[in-house]
Amino acid sequence: MSDHPSAGSNSSVEKPAAEKPQHFIQQIIRKDLEAGKVEKVVTRFPPEPNGYLHIGHAKSICLNFGMAEEFGGVCHLRFDDTNPEKENEEYVNAIKADVQWLGFQWGGPVRYTSDYFQVLYDWALHLIRQGNAYVCDLNPDEAREYRGTLTEPGRNSPYRERSVEENLDRFEKMRRGEFEEGSCVLRAKIDMAAPNMNLRDPVIYRIKKAKHHHTGDTWSIYPSYDFAHGQSDAVEGVTHSICTLEFEDHRPLYEWFLENLPVPAKPRQYEFARLNINYTITSKRKLKQLVDEGHVDAWNDPRMPTISGMRRRGYPPEALRNFCANIGVTRSDSVVDVGMLEYAVRDHLDKNAPRAMCVLRPLKVTLTNYAADRVEEMRAPGHPNRDDFSERVLPFTHTLYIEDEDFREEANKKYKRLVLGKRVRLRNAYVIEADEAIKDESGEIVEIRARIIEDTLGKDPADGVKPKGVIHWVSATHHLNCEVRLYDRLFSDPAPDAGGKNFLQAINPENLKVLENCKAEISLAGAKVGDHYQFERSGYFCLDSKYSTLEKPVFNRTIELRDTWAKIQNQQ
RNA sequence: UGGGGCGUAGCCAAGCGGUAAGGCAGCGGGUUUUGAUCCCGUCAUGCGUAGGUUCGAAUCCUACCGCCCCAGCCA
């Protein structure tokens with residue numbers, strides 16, 4: 001059967017000029033709607049609550065909820081909870097929060113595959129009565145042997161021809177918990193010689209005496225993914241069941257159940273390529289390992305590619321959605337450059353984050369011609385390109401801090417910062433000129449003595465000697481002490497996951513730098529968790545939701561500004 | 001020497017028989033009190049390879065090559 005329903009030829013659809021190209025899922029849905037095959041689009045996002053959602057799930061969420069949104073339908077949130085051994089409620093709650101944070105709302109209640117355990121059980125009975133399923137007593141090793149290999153057909157299980165009565169009886173005993181785990185399973189009777197391994201009498205129910213986070217001890221048998229997914233879609237009236245490519249081989253099985261069971265609808269499955277990003281891993285199992293072994297703080301560690309980690313890091317939900325829109329949806333395997341994600345984050349933050357100044361590595365500057373008790377209130381725009389942001393007030397005083405790296409005793413003309421004997425513009429304030437660098441015993445520069453050039457607020461020096469550049473600063477007496485955490489990529493290998501590599505060895509040992517003596521402008525005292533700021537000339541920052549306190553604010557660097565200066569330096 | 005997919009620029013990706021969109025990255029330039037943003041320009045004589053069909057092929061056909069997925073009582 002064809003992947004794409006051979007839609008009635010509706011060739012007279014005029015193509016609107018200069019429209020955004022539609023990806024194949026959009027094309028399929030639009031045709032289904034136009035052909036009247038579907039009245040209202042229903043999709044679903046079906047995570048298994050066995051870990052936290054990551055950037056790859058964001059793509060799926062944007063696709064599934066996005067299609068519902070775009071075509072006036074709904075998207076269900078359904079927890080695919082058929083394996084109680086790995087799932088729990090912490091994950092359920094985290095997943096719900098993540099989906100909502102991304103800005104999506106599911107249609108109707110939160111659903112669980114476990115809501116359908118009774119129907120699924122009844123349908124298993126139906127299959128048995130039709131002679132389409134049997135209880136098989138082969139142990140796992142034997143079952144593997146009987147299954148055959150990729151190139152050799154399997155053999156029929158010796159239990160394949162049990163009578164309906166015996167199957168009914170044994171399945172009932174499975175249900176009642178009378179058999180040990182692993183002693184038997186219920187299998188669909190399809191074809192042990194099928195070239196598609198999924199059709200070689202797949203397991204549809206297995207015994208698990210674990211307590212289920214949602215159904216408690218009600219069941220001692222649980223349906224397999226294959227036996228649950230399509231039927232759940234059918235029960236919910238899902239029209240387009242979108243999943244990743246590795247499930248393509250399962251589609252014939254998905255359809256086999258729909259055809260052999262009295263289901264209320266016939267949903268269709270479509271597959272797209274899952275997201276891969278370089279320098280990143282998107283495997284729940286490996287992400288869990290990073291957490292369990294303490295390589296990171298938690299699932300929501302700002303270095304994690306989890307949705308909660310990116311949230312804590314300061315990635316705005318809009319950036320994630322834009323990113324997903326930018327990468328598209330196709331069926332070809334690909335590895336997206338992490339630069340695309342970073343672009344989306346910078347792009348949104350640049351347009352929306354208020355500006356502030358914060359000195360990360362302070363170097364004291366004393367203004368010898370500025371009275372020690374004088375305080376001027378400089379006014380600075382909240383955003384250079386928007387007038388709907390409120391102004392900030394910056395106290396300007398006799399002693400200031402500038403960035404350690406913004407001063408050099410001598411430098412070539414490419415260095416556009418403060419140089420001994422030269423001028424620089426203090427952003428939103430005066431032009432100053434450096435007269436002297438004071439060093440300690442070890443030769444370390446500990447203070448700069450400088451002068452302001454009078455009458456340079458909003459204008460160049462009257463003598464025509466223009467400053468070489470602009471640097472940020474903070475008053476040494478009127479500021480907010482804070483801690484800043486600089487994150488770098490978690491992995492230094494573009495493909496930490498590839499081949500037989502051990503991804504733990506690809507961990508970047510310098511993925512976090514904590515600066516405890518940072519000086520922020522006082523307006524930042526009002527920062528709240530969830531606010532985003534651009535620390536000018538530095539990057540985008542936000543308060544850390546875990547470590548920040550009123551006494552000691554902790555800012556996470558979400559991402560650096562694009563830095564062509566660093567690029568120039570690296571080229572030399 | 002099974003089955004299912006996928007190959008368009010460094011990366012992502014349009015294209016659906018009429019002569020290679022767009023974005024990211026890069027490069028060059030302009031504006032700028034952020035080395036940011038913004039703006040302009042540049043970046044595939046060629047679509048995995050080789051044949052074929054056609055007036056015309058990235059699009060159709062054939063063969064080959066490469067990569068991904070499948071042998072859980074995971075999803």
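The values are calculated or read from the model by the stated rules, or taken from the named source; none is laboratory data. Here the structure is a predicted model, which means the values were calculated and not measured. All Cβ positions, glycine included, derive from the backbone under ideal geometry; neighbour counts span all protein chains shown.
Hey, any hits in the range A:65-73 for a residue that's under 21 Å from the mean Cα position of the chain (by Cα), closer than 30 Å to A:TYR205 by Cα and crowded, with 18+ Cβ neighbours inside 10 Å? No, the conditions are met nowhere in the range A:65-73. Considering only residues in the range A:390-435 that are within 12 Å of RNA strand B (Cβ to nearest atom) and of a type in the set (Phe, Trp, Tyr), the one that is farthest from A:ASP455 (Cα to Cα) turns out to be A:TYR415.
Within the range A:298-350, can you find the residues that are assigned to a helix (DSSP H, G or I), acidic (Asp, Glu) and over 14 Å from the mean Cα position of the chain (by Cα)?
At the first step, the residues of the range A:298-350 found to be assigned to a helix (DSSP H, G or I) are A:307-313, A:317-327, A:338-350.
Next cut, acidic (Asp, Glu) only: A:318, A:342, A:347, A:350.
A:ASP347, A:ASP350, listed by residue number.
Taking the range A:351-369 only, how many residues are farther than 15 Å from A:VAL474 by Cα and over 40 Å from the mean Cα position of the chain (by Cα)? Lay out the reasoning, then the answer.
Quick first cut of the range A:351-369, residues farther than 15 Å from A:VAL474 by Cα only: A:351-354, A:368-369.
Add one more test, that the residue is over 40 Å from the mean Cα position of the chain (by Cα), and what stays is A:368-369.
Adding up the residues that qualify gives 2.
Do we find that A:ASN385 is modelled with pLDDT under 95, of a type outside the set (Asp, Glu), near RNA strand B (Cβ under 10 Å from one of its atoms) and more than 19 Å from A:HIS478 (Cβ to Cβ) in this structure? Here the answer is no, as A:ASN385 does not meet what is asked. Of A:GLU178, A:GLU255, A:GLU259, which residue is part of a loop (DSSP other than H, G, I, E, B), more than 7 Å from RNA strand B (Cβ to nearest atom), farther than 15 Å from A:LEU125 by Cα and among the acidic types (Asp, Glu)? The conditions single out A:GLU178. Within the range A:234-263, the set of residues being surrounded by fewer than 16 Cβ atoms within 10 Å (Cβ to Cβ), in contact (Cβ under 8 Å) with a residue 60 or more places away in the chain and under 27 Å from the mean Cα position of the chain (by Cα) comprises A:THR244, A:LEU245. Looking at the range A:504-572, the strands (runs of 3 or more DSSP E) lying wholly inside it that each contain 3 or more residues that are under 26 Å from the mean Cα position of the chain (by Cα) and within 15 Å of RNA strand B (Cβ to nearest atom) sit at A:533-535, A:539-543, A:554-560.
Taking the residues in the range A:190-203 that are over 15 Å from A:ASP137 (Cα atoms) and in a loop (DSSP other than H, G, I, E, B) as candidates, determine which candidate is nearest to the chain's Cα centre (by Cα). Walk me through how you get there before you give the answer.
Going residue by residue through the range A:190-203, those that are over 15 Å from A:ASP137 (Cα atoms) are A:190-200.
Within this subset, residues satisfying the condition of being in a loop (DSSP other than H, G, I, E, B) are A:190-196, A:200.
Details: A:ILE190: 39, A:ASP191: 40, A:MET192: 40, A:ALA193: 41, A:ALA194: 38, A:PRO195: 37, A:ASN196: 33, A:ARG200: 36 Å.
Checked the range A:190-203; the qualifying residue nearest to the chain's Cα centre (by Cα) is A:ASN196.
If you check A:ASP81, A:ASP141 for being within 14 Å of RNA strand B (Cβ to nearest atom), crowded, with 18+ Cβ neighbours inside 10 Å and either closer than 23 Å to A:GLU236 by Cα or at pLDDT 95 or above (or both), only one passes: A:ASP81. When residues in the range A:437-483 are screened for being in contact with a strand residue (DSSP E or B) (Cβ under 6 Å, 6 or more places away or on another chain), away from RNA strand B (no atom under 16 Å from the Cβ) and farther than 21 Å from A:GLY421 by Cα, 6 of them pass. The listed residues are A:ARG187, A:ARG206, and the only one of them that is of a type outside the set (A, V, I, L, M), within 30 Å of A:TYR112 (Cα to Cα), near RNA strand B (Cβ under 7 Å from one of its atoms) and assigned to a strand (DSSP E or B) turns out to be A:ARG206. For the range A:264-286, the criterion of being more than 10 Å from RNA strand B (Cβ to nearest atom), part of a helix (DSSP H, G or I) and buried (at least 20 other Cβ atoms within 10 Å of the Cβ) is satisfied by no residue at all.
Of (1) at negative phi; (2) surrounded by 20 or more Cβ atoms within 10 Å (Cβ to Cβ), A:ASP347 satisfies all except one. Which? It is condition (2) that A:ASP347 fails.
May I ask you to verify whether A:THR43 is within 22 Å of A:GLN269 (Cβ to Cβ), of a type in the set (Ser, Thr, Tyr) and either within 14 Å of RNA strand B (Cβ to nearest atom) or surrounded by fewer than 22 Cβ atoms within 10 Å (Cβ to Cβ) (or both)?
On the way: within 22 Å of A:GLN269 (Cβ to Cβ): yes; of a type in the set (Ser, Thr, Tyr): yes; either within 14 Å of RNA strand B (Cβ to nearest atom) or surrounded by fewer than 22 Cβ atoms within 10 Å (Cβ to Cβ) (or both): no.
Here the answer is no, as A:THR43 does not meet what is asked.
Restricting attention to the range A:237-248 and to residues that are more than 30 Å from A:MET340 (Cβ to Cβ) and touching a helix residue (DSSP H, G or I) at 6+ places or on another chain (Cβ under 9 Å), the residue that is nearest to RNA strand B (Cβ to nearest atom) turns out to be A:VAL238. Any residue that is assigned to a helix (DSSP H, G or I), within 8 Å of RNA strand B (Cβ to nearest atom) and closer than 30 Å to A:LYS501 by Cβ - is there at least one of those in the range A:216-232? Yes, the conditions are met somewhere in the range A:216-232.
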